[in-house]
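A short worksheet on the structure shown next.
None of the figures in this text is laboratory data; all of them are computed from the coordinates on show. Values in this document were obtained by computation on a predicted structure and should not be read as measured data. Because the Cβ atoms are built from the backbone with ideal geometry, glycine has one as well, and the counts that use them run over all protein chains shown.
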Amino acid sequence: ARALAIDAGSDTEGTGINPGNVWVGMYGQSAYYQINGVTGALLQGPVATPAHNSYGAAIDGSGILYSADACCDRVPHIGRIDTTQNPATFVEIPAPPSTAGTYGITVDLRGRVWIGAYPYPALHRYDPVANLWQTFTIAQGNVRGVGIDARGYVWAAAHPGGNGYACR
């Protein structure tokens, strides 16, 4: 397991508690599994992700899981799974217009997907509505982790070598 994200779930047990369900991406198996957030029972899987080795995952507000593939020095691509469907299916999204890794992944408040481009000093952003990729250079170094805060600022964990930086 290398990737993990939690969906919105539902209160199927009638407890008034909705912790969400866990989606686990299996790097070597090229698959995802959905696990009940209350009971730990397997809900579905394997959801096959052919030729996609899950390295990170994030779910948007509509229940779409985006999965980053592998890591470094490969043509990056991401995949999508609609977590509201059972059975869920995997769709690969074409790569951004450059070669780089896909290390960290997050989804912003507008539903755009951000990935760290490690081992390169950049972030890639995918807009699923426009089906458009953009690349942003990060002067502080090679981007690994990426996150979004409640104000919509993108934060990146970057390092040029030994020391690292958090930048937005």
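Approximating the spin labels as points 7 Å out from Cα along Cα→Cβ, the GLN44-to-LEU4 distance works out to 2.2 nm. Near the amide H of ALA3, within less than 5 Å, lie the amide hydrogens of GLY25, TYR27, all on another chain or at least 5 residues away, with H placed in the peptide plane. Over region 102-148, the hull volume per residue, using the convex hull of the C-alpha atoms, is 61 Å³.
Here the contact order of the chain, divided by its residue count and restricted to Cα pairs under 8 Å and six or more residues apart, works out to 13 percent.
Model label sites at THR15 and TYR153, defined 7 Å from Cα along the beta-carbon direction, differ in position by 3.6 nm. Extension gain, GLU92 to ASN131, is 12.8 nm, computed as 0.36 nm per intervening residue step minus the present C-alpha separation.
If packing is taken as the mean number of other Cβ atoms within 10 Å per residue, what is the order of 147-159, 43-55, highest first?
Values: 147-159: 15.2, 43-55: 17.7.
Sorting 147-159, 43-55 by mean packing, highest first, produces 43-55, 147-159.
P(r) for the chain, from all Cα pairs and a bin width of 5 Å, is 2, 9, 18, 21, 19, 14, 9, 5, 2, 1, 0 %, short bins first.
Each residue of region 123-128 was assigned a 3J(HN,Hα) from its phi angle through the Karplus curve 6.51 cos²θ - 1.76 cosθ + 1.60 (θ = phi - 60°); the sequence is 10, 10, 10, 10, 9, x Hz, with glycine and proline shown as x.
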